[in-house]
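Some notes on the structure that comes next.
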Amino acid sequence: MYRYDSLDKEMLTDRSNEFRHQAARRLSGEITEDQFKPLRLMNGLYLQLHAYMLRIAIPFGTLNTKQLRRLAWVAKTYDKGYGHFTTRTNLQLHWIKLRDAPDILDALAEVDLHAIQTSGNCIRNITADPYAGATADEIDDPRVWVEAMRQWSTNHPEYSYLPRKFKIAVTAAEKDRAAIRSYDVGLHLRRTRDGELSFEVMVGGGQGRTPYLAKTIREHLPAGRLLSYLDAVLRVYNRQSRRDNIHKQRIKILVATLGVEEFTRQVEAEWALIEGADIDLPDTELARIRAAFMPCAFDPQPASSPVFEAAKADPEFARFTRRNVHPHKVPGYAIVDISLKVPGETPGDASSEQMDLVADLADAYSQGEVRINYTQNLVLPHVKLADVPAIYAALKPAGLATANMDLITDIIACPGLDYCTLANARAIPVAQSIAKRFADPERAEQIGDLKINISGCINACGHHHLGAIGILGVDKKGEEYYQLSLGGSGGDDAELAKILGPAMSGPAIPDAIETLVETYIVHRKDGERFLDTVRRTGLQPFKEAVYASAD
Amino acid sequence: MPQLIKIEGERASTVDDLFTFVADEDAVPAAGDVIVTLARLSSEGDALLSSGRRVGVRLQPSDAVEDLAYDLGALAVIELAFAKFRDGRPYSSARVLRGRLNYQGELRAVGDVLREQALHMVRCGFNAFEPADGSTAEQWLAAAHRYRHVYQRAADDREPVFVERAQIASGLGHNRPDEVGV
Amino acid sequence: MKMLTANSLTTGEVVFWDHGQWSVRFADGERFEADEAADAALALAETQPKIAVAAYLIDVEDNDGHWVPIAFRERLRALGPSNTPQHGKQADGDADVEAFQASHSSARSTGRVKLIKR
């Protein structure tokens with residue numbers, strides 16, 4: 001797994017010292033809050049409802065066990081003993097004090113972790129497929145390219161004061177597990193017919209007030225030219241975007257305003273003038289990064305494991321294998337999802353004890369590696385099939401063995417009004433009430449794949465536009481109301497969800513979801529997921545059922 | 001007389017600003033070095049540039065630096081105004097001026113210019129500063145050199161981390177023969 | 001009636017204006033009948049940027065003998081997150097907190113006097 005060398009480490013130390021200096025200047029009154037705010041945001045520090053919140057970057061969603069244990073320790077020492085994993089594969093700590101923040105950043109830097117550019121109008125922490133390096137359908141390890149972009153985007157002199165935030169995601173497998181079309185830049189790595197690595201570059205996706213799916217501006221970008229091409233995209237954005245209306249400053253608005261053809265023309269013109277050799281990483285550096293991501297050698301295993309098969313006699317374990325265990329590229333190995341979605345608990349939250357346990361299991365069974373999925377779950381990427389029963393047995397008493405990946409209880413939710421200053425309504429209690437309603441695992445599995453996404457405001461951190469059922473919290477005369485939408489997806493079949501009808505109160509939501517599910521079961525044809533049925537029938541039958549029963 | 005911080009390589013100094021900025025609504029003084037807007041440069045540029053004094057121009061964030069290409073050799077100084085420190089357009093303007101238009105002269109940051117942005121400004125090619133926060137030359141220099149390493153090539157001559165790594169790996173690196181990259 | 005609230009600069013904790021200083025307890029907060037007095041307190045608070053951040057006024061109302069903020073969001077700030085009753089000011093569990101939590105009158109967004117921008 002990739003490790004920072006002395007140069008990367010010195011960058012983190014310098015960054016941490018810089019922030020300590022800036023915080024001291026704020027505390028002494030030398031700089032104003034207005035001047036300090038963008039500086040703390042670029043170090044992941046928000047002021048939220050009850051305290052400061054620190055958003056720690058987990059580049060490419062990959063952690064070694066030393067890092068995970070350090071996160072657990074920071075949460076226990078400086079927070080209230082838990083953290084919240086987000087849809088951008090970051091970890092948020094919600095009870096941080098400004099005066100502790102420099103020490104925390106030092107403690108993180110010791111294990112090569114940081115909060116650099118996890119907020120602010122800059123290039124944010126870049127995300128990738130959570131199964132990178134482990135999945136069989138992969139063309140290349142996307143983290144090689146994410147690391148190249150991490151270096152290029154860190155402390156970028158020209159692009160640290162962009163019109164708005166800028167998010168990039170990469171997929172290097174056939175199946176998109178990183179929701180790349182909902183990003184400012186989505187990159188899909190493929191191999192051309194002559195065997196060269198090439199990116200499809202998509203620009204201008206995003207959620208929020210005006211959601212768009214990213215549009216392709218280049219079908220085939222030679223992979224080695226990625227950074228200079230991104231430089232061209234960023235320069236056009238930085239120079240051309242509006243700066244007079246915060247709601248119109250994302251790149252999606254620029255692309256929509258110029259039109260994708262004109263935007264593409266400008267990027268290509270800019271790229272033609274850019275000195276690529278100054279920006280694109282040399283092959284030697286790419287090779288160094290690539291070598292660092294090579295997993296340890298895999299002990300040869302038989303393709304099937306008698307221990308694993310025998311354990312399936314336990315129906316609960318069998319369900320766990322159906323939902324949470326996925327094929328690995330190496331025979332006899334598996335990818336194991338760890339659900340942070342116990343019905344009734346806060347989606348995406350993990351206690352320090354749970355983080356420590358997952359670190360122990362990763363050391364014992366997964367080459368010391370843990371992944372964060374944007375669905376707010378954890379992943380053990382390299383597990384021998386024969387070890388899955390032992391892992392399951394260890395996870396279960398810790399509340400980490402819920403077998404519900406992609407089911408109705410695997411709900412994505414932002415922190416909402418319980419924590420966030422931007423929110424209009426709470427998201428967590430809504431998720432809790434739905435998950436409790438569908439807590440029967442047998443029923444949830446009969447309903448099948450069904451993504452529910454809840455956001456507490458239009459900024460869409462809960463990706464409600466991408467839910468088969470999306471729920472958006474709105475403020476209706478000071479009361480929390482929720483607007484339902486259907487048919488969204490962030491994957492290969494990406495589409496934005498469509499609004500079902502008028503918003504309803506929080507307590508009405510579980511019944512409404514129940515009605516949607518019943519309607520789906522009545523209409524579904526063989527093998528259809530909820531999403532497929534909605535897309536086939538349209539919203540009408542669902543709308544009629546929900547609003548008829550509400551009358 | 002107003003003062004400026006100038007950076008030359010590893011040195012910073014405070015110098016008197018000998019130029020007077022002339023707003024569009026004001027008349028150009030009879031003598032002395034002046035800085036004018038892009039609009040005035042377009043309309044009165046030829047006369048000004050042949051009047052035997054030094055002439056500079058101040059560009060706003062929305063002005064295109066490409067418009068200066070014709071006059072670049074004759075300009076004594078270019079000022080890029082930061083309307084707000086959050087408005088990052090002048091960084092791109094500076095990069096294009098230095099990298100693409102090959103401007104070699106004095107490039108000033110004026111407006112909402114704060115020490116926290118010194119590193120980015122220096123790296124984008126600015127070499128003169130009118131800080132709005134009262135920073136001294138020493139403070140400005142320290143802020144501009146807070147990082148031992150940079151990850152990208154920019155308008156300054158600093159080598160990025162990937163070059164340092166390659167030098168270390170090939171034995172040409174300074175100070176770290178024992179720490180070859182991963 | 002109005003109250004003045006902010007977050008502590010060093011800790012981020014929610015604080016309430018109490019006759020020239022900040023208190024972490026909602027119950028200790030000063031209530032202003034007159035807008036002029038409230039505005040004056042806000043103006044004074046804004047001269048103390050090293051103590052509290054983003055001060056703003058909120059509307060409060062008497063609810064069966066207990067004062068509560070009108071806006072739902074301000075109730076959450078004064079109590080703590082609803083998903084973790086063991087965290088935040090609500091963890092103290094005193095009479096004021098109980099009255100607060102029992103308060104069922106509907107919240108109105110008019111209680112949000114000035115949107116905080118963070």
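The values are calculated or read from the model by the stated rules, or taken from the named source; none is laboratory data. None of these values were measured; they are calculated from a predicted model. Here the Cβ positions follow ideal geometry from the backbone for every residue, glycine too, while neighbour counts run over all protein chains shown.
Among the residues of the stretch A:148-191, those identified as among the acidic types (Asp, Glu) and either within 24 Å of residue B:125 (Cα to Cα) or surrounded by fewer than 24 Cβ atoms within 10 Å (Cβ to Cβ) (or both) are A:158, A:174, A:176. Mind checking which residues of the stretch A:397-441 are under 23 Å from residue A:311 (Cα atoms) and either within 12 Å of chain C (Cβ to nearest Cβ) or without any contact (Cβ under 8 Å) to a residue 60 or more places away in the chain (or both)? Of everything in the stretch A:397-441, those that are under 23 Å from residue A:311 (Cα atoms) and either within 12 Å of chain C (Cβ to nearest Cβ) or without any contact (Cβ under 8 Å) to a residue 60 or more places away in the chain (or both) turn out to be A:397, A:398, A:399, A:440. Among the residues of the stretch B:24-42, those identified as closer than 18 Å to residue B:1 by Cα and either free of Cβ contacts under 8 Å to residues at least 24 places away in the same chain or surrounded by fewer than 19 Cβ atoms within 10 Å (Cβ to Cβ) (or both) are B:29, B:31, B:32, B:33, B:34. The residue list A:497, A:503 contains one member that is of a type in the set (Gly, Ala, Ser), out of contact with any Asp or Glu (no Cβ under 9 Å at 6 or more places or on another chain) and farther than 30 Å from residue A:173 by Cβ, which is A:503. Just so you know, in the stretch A:24-52 the residues that are over 29 Å from the mean Cα position of the chain (by Cα), among the hydrophobic types (A, V, I, L, M, F, W, C) and part of a helix (DSSP H, G or I) include one that is nearest to residue A:124 (Cα to Cα), and it is A:24. Among the residues of the stretch A:12-47, those identified as more than 10 Å from chain B (Cβ to nearest Cβ) and either at positive phi or surrounded by fewer than 17 Cβ atoms within 10 Å (Cβ to Cβ) (or both) are A:20, A:24, A:27, A:28, A:29, A:33, A:44. Among the residues making up the stretch A:106-124, those that are part of a loop (DSSP other than H, G, I, E, B) and closer than 30 Å to residue A:185 by Cα are A:111, A:112, A:113, A:115, A:116, A:117, A:118, A:119, A:120, A:121, A:122, A:124. Among the residues of the stretch A:324-337, are any free of Cβ contacts under 8 Å to residues at least 12 places away in the same chain, surrounded by fewer than 19 Cβ atoms within 10 Å (Cβ to Cβ) and either outside any helix (DSSP H, G or I) or β-branched (Val, Ile, Thr) (or both)? Scanning the stretch A:324-337, I find no residue that is free of Cβ contacts under 8 Å to residues at least 12 places away in the same chain, surrounded by fewer than 19 Cβ atoms within 10 Å (Cβ to Cβ) and either outside any helix (DSSP H, G or I) or β-branched (Val, Ile, Thr) (or both), so the answer is no.
Would you call residue B:111 touching a strand residue (DSSP E or B) at 6+ places or on another chain (Cβ under 9 Å) and either closer than 15 Å to residue B:14 by Cβ or surrounded by fewer than 21 Cβ atoms within 10 Å (Cβ to Cβ) (or both)? Criteria met by residue B:111. Among the residues making up the stretch A:109-157, those that are within 14 Å of chain B (Cβ to nearest Cβ) and touching a His at 6+ places or on another chain (Cβ under 7 Å) are A:123, A:157. Taking the stretch C:76-118 as the range and being at pLDDT below 55 and either in contact with a Lys or Arg (Cβ under 7 Å, 6 or more places away or on another chain) or more than 23 Å from residue A:430 (Cα to Cα) (or both) as the test, the residues that pass are C:107, C:108, C:109, C:110, C:111, C:112, C:113, C:114, C:115, C:116, C:117, C:118. Is it true that some residue in the stretch B:43-59 is within 14 Å of chain A (Cβ to nearest Cβ) and either closer than 30 Å to residue A:37 by Cβ or crowded, with 18+ Cβ neighbours inside 10 Å (or both)? So far as the stretch B:43-59 goes, yes, one or more of its residues are within 14 Å of chain A (Cβ to nearest Cβ) and either closer than 30 Å to residue A:37 by Cβ or crowded, with 18+ Cβ neighbours inside 10 Å (or both).
For the stretch C:50-57, does any single residue satisfy the condition of being β-branched (Val, Ile, Thr) and loosely packed, with under 15 Cβ neighbours inside 10 Å? Looking for residues that are β-branched (Val, Ile, Thr) and loosely packed, with under 15 Cβ neighbours inside 10 Å, one finds none in the stretch C:50-57, hence no.
The condition (being surrounded by fewer than 22 Cβ atoms within 10 Å (Cβ to Cβ), within 14 Å of chain A (Cβ to nearest Cβ) and in contact (Cβ under 8 Å) with a residue 12 or more places away in the chain) is satisfied by just one residue among B:123, B:98: B:98. Annotation: residue A:454 fulfils all but one of (1) within 26 Å of residue A:169 (Cα to Cα); (2) at pLDDT below 95; the unmet one is (2). Only a single criterion out of (1) charged (D, E, K, R); (2) closer than 24 Å to residue A:274 by Cα; (3) outside any helix (DSSP H, G or I); (4) in the same structural domain as residue B:50 (by TED's automatic domain parsing) is not satisfied by residue B:158, namely (4). Of everything in the stretch A:477-528 that is free of Cβ contacts under 8 Å to residues at least 12 places away in the same chain and among the small types (Gly, Ala, Ser), the residue that is surrounded by the most Cβ atoms within 10 Å (Cβ to Cβ) is A:478.
Residues in the stretch C:29-64 that are assigned to a loop (DSSP other than H, G, I, E, B) and in contact (Cβ under 8 Å) with a residue 24 or more places away in the chain were compared, and the one that is farthest from residue A:22 (Cα to Cα) is C:64. The set of residues from the stretch A:188-200 being under 16 Å from residue A:494 (Cβ atoms) and of a type outside the set (Asp, Glu) comprises just one member, A:188. Filtering the stretch B:60-87 to residues that are away from every other protein chain (no Cβ under 12 Å), in contact (Cβ under 8 Å) with a residue 12 or more places away in the chain and surrounded by fewer than 19 Cβ atoms within 10 Å (Cβ to Cβ) leaves B:67, B:69, B:71, B:72, B:74, B:76. Restricting the search to strands (runs of 3 or more DSSP E) fully inside the stretch A:53-105 and requiring at least 3 residues that are among the aliphatic types (A, V, I, L, M) and at pLDDT 95 or above gives A:91-96.
Number of residues in the stretch A:459-476 that are surrounded by fewer than 24 Cβ atoms within 10 Å (Cβ to Cβ) and within 14 Å of another protein chain (Cβ to nearest Cβ): the value is 4.
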